[in-house]
1. Just to verify a result, which residue in region 220-248, among those that are within 21 Å of residue 35 (Cβ to Cβ), open to solvent by 40 Å² or more (accessible area, probe 1.4 Å) and in a loop (DSSP other than H, G, I, E, B), is modelled with the lowest pLDDT?
2. Could you list, in sequence order, all residues of region 127-142 that are within 16 Å of residue 154 (Cα to Cα) and in a helix (DSSP H, G or I)?
3. Does residue 114 qualify as being at pLDDT below 95, under 24 Å from residue 200 (Cα atoms) and of a type in the set (D, E, K, R)?
4. Just checking, how many residues over region 56-65 are under 16 Å from residue 229 (Cβ atoms) and without any contact (Cβ under 8 Å) to a residue 24 or more places away in the chain?
5. Within region 119-131, can you find the residues that are surrounded by 23 or more Cβ atoms within 10 Å (Cβ to Cβ) and not hydrophobic (A, V, I, L, M, F, W, C)?
6. Conditions first: (1) touching a residue at least 24 places away in the same chain (Cβ under 8 Å); (2) surrounded by fewer than 20 Cβ atoms within 10 Å (Cβ to Cβ); (3) among the polar types (S, T, N, Q). Residue 182 passes all but one, so which condition is the exception?
7. Just checking, does region 146-158 include any residue being of a type in the set (Phe, Trp, Tyr) and in contact (Cβ under 8 Å) with a residue 60 or more places away in the chain?
Amino acid sequence: MAKRRLLAVASLSGFGVLSTPALGELSDRQFDFVQANMIGIFYHELGHAVIDTEDVPIFGQEEDAAGVLSVLLIDETFVDADAQDIAFDAAFGYLNDPAGLEEVIYWDTHGPDEQRFYNHVCLFYGAAPDTRRDLANALGLPEERAASCPEEFDQAAGSWGAILDEMSNRGPGATLRFMPGSGRHADLLNDVIGEEVKSFNANFALSHPVAVRIASCGEANAFYDPGGRAITMCTEFVDHLLELEGKL
């Protein structure tokens, strides 16, 4: 699979300067943060779709397995410099409460934010520790955890490798069916997520088709619906990410 570069602001269809009536201009930094996180979130939800369509056995929390596949696809899809940019920004997407003011909900199907943050950093670092040491240091990965990260990546790649190989052997395909949206922030997500759908279809094919929808949901969310075999990327997530970026 040939690795590719990230979308640049100038390449977005319909955008000279990124703007919406309520937001004003997006700075390059804001766009980079939103793009990285939406890619990471999309690949996470795609992980749920792959688990469903390929009947992947999961020993543990499905959320953790989907998070692992997200990191593997970022590492597999993008040239190293861009993969590092995505992984760096997407790590902060796990920290929904940077100030630590909210109660940790331990019964949730998702692990605590900080644990997901370090799992993400460790796995990505472990894929190429010789070239990603600076990223691990910048994100505060302790040496005690860093030592095991290459082994953790090898274990993850081995677990998912057969599934990815099977999907690759079927590809290219058109099993991800993109359904663009309209309204606030939809143009941005149409371009960013549309590019990832195109890239996935160029390299992989699922056992069953899955719709990928850009839509307003009334909340900052993204989810996979196994009954309808559809991934929904909510446009409200953009405002959540912009607010989060402003706190960092």
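1. Among them, the one singled out is 248.
2. Of the residues in region 127-142, the ones within 16 Å of residue 154 (Cα to Cα) are 127-130, 132.
The one that is within 16 Å of residue 154 (Cα to Cα) and in a helix (DSSP H, G or I): 127.
3. Working: at pLDDT below 95: yes; under 24 Å from residue 200 (Cα atoms): no; of a type in the set (D, E, K, R): yes.
When the stated conditions are applied, residue 114 does not pass them.
4. Within region 56-65, residues that are under 16 Å from residue 229 (Cβ atoms) and without any contact (Cβ under 8 Å) to a residue 24 or more places away in the chain number 0.
5. 120, 125, 126
6. (1)
7. Keep residues of region 146-158 that are of a type in the set (Phe, Trp, Tyr), which gives 153.
From what is left, the residues that are in contact (Cβ under 8 Å) with a residue 60 or more places away in the chain are none.
Looking for residues that are of a type in the set (Phe, Trp, Tyr) and in contact (Cβ under 8 Å) with a residue 60 or more places away in the chain, one finds none in region 146-158, hence no.
For every residue, the table says whether it meets (1) hydrophobic (A, V, I, L, M, F, W, C); (2) within 15 Å of residue 200 (Cα to Cα); (3) over 10 Å from the mean Cα position of the chain (by Cα); (4) buried (at least 20 other Cβ atoms within 10 Å of the Cβ).
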position: 33; (1), (2), (3), (4): yes, no, yes, yes
position: 36; (1), (2), (3), (4): yes, no, no, yes
position: 39; (1), (2), (3), (4): yes, yes, no, yes
position: 43; (1), (2), (3), (4): no, yes, no, yes
position: 51; (1), (2), (3), (4): yes, no, yes, no
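The values are calculated or read from the model by the stated rules, or taken from the named source; none is laboratory data. None of these values were measured; they are calculated from a predicted model. Positions of Cβ are backbone-derived with ideal geometry, glycine not excepted, and every protein chain shown enters the neighbour counts. SASA here: full protein model, heavy atoms, side chains in, ligands and nucleic acids out. Shrake-Rupley method; radii C 1.70, N 1.55, O 1.52, S 1.80 Å.
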